[in-house]
Every structure is written in C-alpha cells, then in structure tokens.
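The values are calculated or read from the model by the stated rules, or taken from the named source; none is laboratory data. Predicted model only: the values in this text are computed from it and were never measured. Every residue, glycine as well, gets a Cβ built from its backbone with ideal geometry; the counts of neighbours run over all protein chains shown. When the accessible area is computed, the model is the full protein with side chains, heavy atoms only, and any ligands, DNA or RNA have been set aside. Shrake-Rupley method; radii C 1.70, N 1.55, O 1.52, S 1.80 Å.
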Amino acid sequence: MMSISKAMCRSRLLQIFLAMGSAFAFADTPVEMVVEGDYVLTMDSDHRVIANGAVAISDGKVVAVGPADDILAKYQPRERVSGKGKVVLPGLINGHAHSAMTLLRGIADDLSIYEWLNEYIFPAEVRFVDPEFVRIGTQLACWEMIRGGTTTFVDMYYHPDVIAEVVQECGMRALISATVIDQKSPDAESADDSLAKAIEFVRRWQNKAPRITPIFGPHANYTLNVEQLKATRKAAQALNATISIHMAESPYEVEYSQEKYGTGSVSMFESIGFFEGPTIAAHMVWPNDDEIRILAAGNVGVVYNPTSNMKTAAGIAPIPEMREAGVAVGIGTDGAASNNDLDMWEEMRLGALLQKVNAMDPELLAAAEVLRMATIEGAQAIGLADVTGSLEPGKQADLIQVDFTDAHHVPTYDVISHLVYVTDEQDVTTVIVEGKMLMRDRVLLTLDTEQIRHDAETLAAKIRKELSP
Ligand SMILES: [Zn+2]
C-alpha cells in the first residue's frame, strides 16, 4: 500500500506536470545542458546523422543523444543551447602539434625539412624559447584551436609544465609530450638531461588533471640514437605512458636511417622493441608494405599531416593503404611554423584532395572517412577513444556547433560533404569540453584574446629586432 505522504507527493507532481501542460510534462530528469542542432552527428559506430537532434550533458559527460523532441521530453536542462541553423558534432582532434610555434609562424618558409630545422628552427628555438615564450605561444595556439573547433590536441614542445598549465586554464584536452632530443634545447642540455626532465614531468602530471595526459616525445631517430630511444621507451613503460614521435617523415630521414641502421625508419624502431607500448607516430610518409604491417601489428597510431608534408615537400603518406591494413589514422596540423595555421578543416580538405589526385582516384578518402579521422579514428590513434571523439552516453562531452547559415553552406544536401569540403574555422560558433563552454557565439570564454594578441605582438617585436641585421 502506498503511504499517504507518497500519494500526496505524487499528486503534487501531477499538478505540476498538468500546469506545465507541454511536451515537457515528463521531462523529470534534470541535466546541466542540452545542446541542439538541425543535425547532430554522433560519429559512433552507428554513424548517426540525427535531424533536429540534441545532446544531453551532465557532470561533464554525454547523458543521451537523440531527436530533440525525445531528449527534451525526458530531460530538464538547466541550460538549453539553441541549434537553429547549426550542426553538432564531436570536437576535432589535432593529433600532432607544436603549439607554441605559433610565435614562429612565417619565420622561415619554402625550405626542405633538414634546412628548415637545422638552419632556422632549432637555432631560433635555443635563442628565444623560454617559459614565457611557451606560455604566450601555447595560449595563442589554444585560442586558434578553440576558435576552429578543436577540443583535443597532442602537443610536443619544450617547457611542458607551462603547456599543461595553459591547457588546464583554458579548458582544452591534451596529450602533452615532453621533448627528448640529443642536442642543446630550450629546456635541456643533452638527451640524458631531457629524458630525466621528461620523466619528472610525466610523474608530476600523471593522474593530476583529468584533461591532461603527460607523455614522452622523443623527437625522431635522426635526433636520438638507439640507446636513447630505447631508454625513452623503457621510461615510458615504467610509467605506463604513451610516446609520440616523428617517424618516416621525409626522404632525408629514410636515407639517414638506411645509411645509419641499414633499414627504413619503421623497421629500425621495430627492431629495438620501440612499439612495445602505446605509440603515436606523426607524419608516416614513407613506410613500405612490410612496415605498414608492422604498424598494424604494433597497434601504432598514425597521424596524417598533409599540409606540413606538402609544404616541406616531404611526400604523400600512404593513408588509404595504412587504414586498409587496420592502422588507426588521425589528422594533425603539425606546428604553425610548417603549416602555417592550426586549422583542422583545411587539414581534412587538403588531406582528402591530396590522396585523390595522388592516386588519380576520386573515390579515395571520401568525406565521411576524413571526418572520422578528425574525430573518433583520431581518438583511437592517440589512445583516447574511450574518452572522446564521438557523442555517446558515458563519454566526455567534447562537442562543437558549426553554423550552416553562411553563403558557402547554402544549400545543404549533405551535411558531411559540407563539413569536409566547405566549412572553415570561422563557422564554428560553440565549443564545449568536458561539459564546459569554452566558446559561445564565437566569443572565447576562458582566454583573454586581447591580452594574448598584445603579448604575442610584443614578443614578436623583440624577435624581429634581434633577427634583423
Ligand atoms: Zn612535428
């Protein structure tokens, strides 16, 4: 038998529902936020494109995804984000960046990777990169990435504690690699010194902040020797940490590897047991067929950097072949000094077009596949597929709204086609990470953009003065 108080409570609830008298009558589950869209792309295994869809969010996580009518009939949001003229999808994942290099954007262009690195970038970095440079450069990069709809990135640079602090403050999600390199760098004197500092960094940030994953970033097999690469893997294994690295990027690297090790880069890494732990390999332009099998067997995540590869004339990565072999491939911008921006939409578009013209096959890397690489497959490639990359109940609420009302989106026959072949950074209006709004109506909420612009210009003026003869 029902108690009197329960019966009273129920009748009171019924009165409230009747008073509301709308579709909300049974919306009795409170949630923090509902984000709506003319279309919602889940990017999960069902590849759903939901017309008039919505995402319910609470405690930083996705609670439910479905038609807006169903979601609003069930959930009572504290905040409702209108989706009129908007498309909702998971935030983009930039799988390879050197974020603070935004401050070296345009400092040296139109050079081979060898000349660019050794004659310009490495010397400029030793001269100018200090914690303040990294703070301002990373803030500038996060501004650009949030503005363009990127919610997660994999970074590799110097003074990683400063990068982690900026990411923590601005609300993005990141894997942050502490660079290990066998030369004097902005934050270390030698390979041993950089590895020791990387170990300390990973220890400091492991399990400290949920949005930040500290990892190791050995630079490449032409800037570290075998013993140093092995020592880095051993340290990563001991701490159960991921490694991100440049691999098989350029003809220069392949020649170096053949000359020094008598084998291609990927084979050389395999021969020293380097893939016995989670690995994110950026670029991967020159693996041969055997090496593609090694990458698949070793569960190596690959990141495609088409603009950087085109700009340094490094080559064209065999992306369809790697994906066919079962390798998870994400997309990255690389640093802003070799791109020269952090625009993932442009990266998707150029990445698809480059593969098509290379093989003279327009069916290669269709729009839906490229969009997967920038979202859920990118999450797989960097080991975060359980956390982000798709809109599914239980996963982190990392999502964006893209405005589809501007001239270039009209008319819309196919949402996915537009996202890959039309959309620009400026079309992104809303960015949410872990359920928290980082950008609303194109206004950044967690970064002081005027201050960053001022700081970046001031620092650039100093660099310009010192570089002038
Ligand atoms: Zn790189």
> What FRET efficiency do you get for Gln168 and Glu363 if R0 is 41 Å and r is their Cβ-Cβ distance, rounded to the nearest 0.05?
Replying inline: 0.40
>> Treating only the Cβ of Lys, Arg, Asp and Glu as charged (+1, +1, -1, -1), what charge dipole size does the chain show about its Cα centre? Round to the nearest 20 debye.
In response: 1760 debye
>> Quick one: 3J(HN,Hα) in Hz for segment 372-382, Karplus 6.51/-1.76/1.60 with θ = phi - 60°, rounded, Gly and Pro as x.
In response: 5, 4, 7, 10, 5, 5, x, 4, 5, 4, 9
> How many nm separate the modelled label positions at Glu115 and Asn52, each set 7 Å beyond the Cα in the direction of the Cβ?
Replying inline: 6.0 nm
> Which whole-Hz ³J(HN,Hα) couplings does segment 72-88 yield from phi under the Karplus relation 6.51 cos²θ - 1.76 cosθ + 1.60, θ = phi - 60°, glycine and proline marked x?
Replying inline: 6, 6, 9, 10, 9, x, 6, 10, 10, 9, 4, x, 5, x, 10, 10, 9
> Which distance in nm do the two modelled labels at Glu450 and Ile463 give, with both placed 7 Å along the Cα-to-Cβ direction?
Replying inline: 2.5 nm
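When the solvent-accessible surface of protein heavy atoms is calculated with a 1.4 angstrom probe, in what order do Tyr39, Tyr157, Tyr120 fall, highest first?
If we order Tyr39, Tyr157, Tyr120 from most to least accessible, we get Tyr120, Tyr39, Tyr157.
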>> For Ser185, what accessible surface area do you get with a 1.4 Å probe? Give it in Å², rounded to 10.
In response: 10 Å²
>> Need the list of aspartates and glutamates near Lys234 for cross-linking: C-alpha distance under 16 angstrom, and skip anything on the same chain fewer than eight residues off.
In response: Asp192, Asp193, Glu200, Glu270, Glu276
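Tell me, what is the percent relative contact order of the chain, built from C-alpha pairs under 8 Å that lie six or more residues apart?
19 percent
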>> If I take R0 = 30 Å and measure r between the Cβ atoms of Lys234 and Glu255 in this structure, what FRET efficiency does the formula 1/(1 + (r/R0)^6) give, to the nearest 0.05?
In response: 0.60
> Using heavy-atom solvent-accessible surface (probe 1.4 Å) with all chains present, what is the largest-first order of Lys436, Lys197?
Replying inline: Lys436, Lys197
> Around Gly85, which amide H atoms from residues at least 5 apart in sequence, or from another chain, sit under 5 Å from its own amide H, with H modelled in the peptide plane?
Replying inline: Asp38
> Taking the DSSP beta bridges in the chain as the whole, what percent of them are antiparallel, to the nearest 5?
Replying inline: 45 percent
> Ile331's amide H: which non-local residues (gap 5+, or another chain) put their own amide H closer than 5 Å, with H modeled 1.01 Å from N in plane and none for Pro or chain starts?
Replying inline: Gly95, Tyr304
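Rounded to the nearest 500, what is the chain's calculated 222 nm mean residue ellipticity when only DSSP H runs of at least 4 contribute -39500 (n - 2.57) each, over all residues? Mind showing how you got there, number by number?
Values: 17 runs with 182 residues, N = 469.
My calculation for the chain gives -11500 deg cm²/dmol from helical runs alone.
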> What does the charge add up to near Ala297, with Lys and Arg as +1, Asp and Glu as -1, over the other residues with Cβ less than 11 Å from its Cβ?
Replying inline: -2
> Long-range amide H contacts for Thr150: which residues qualify at under 5 Å (H placed 1.01 Å from N, peptide plane, sequence gap of 5 or more or a different chain)?
Replying inline: Leu92
>> Taking the solvent-accessible surface of protein heavy atoms with a 1.4 Å probe, what is the per residue accessible area of the chain in Å²?
In response: 41 Å²
> Quick one: which of Lys395/Lys436; Lys86/Lys395; Lys311/Lys462 span more than 20 angstrom between C-alpha atoms?
Replying inline: Lys86/Lys395; Lys311/Lys462
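Under a 1.4 angstrom probe, counting protein chains only, how are Thr449, Thr333 ranked by accessible area, largest first?
I get Thr449, Thr333, largest accessible area first.
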> Under the Karplus relation 6.51 cos²θ - 1.76 cosθ + 1.60, θ = phi - 60°, what is the ordered set of whole-Hz ³J(HN,Hα) values for segment 355-370, x standing for Gly and Pro?
Replying inline: 5, 5, 6, 4, 9, 6, 9, x, 7, 5, 6, 4, 3, 4, 6, 5
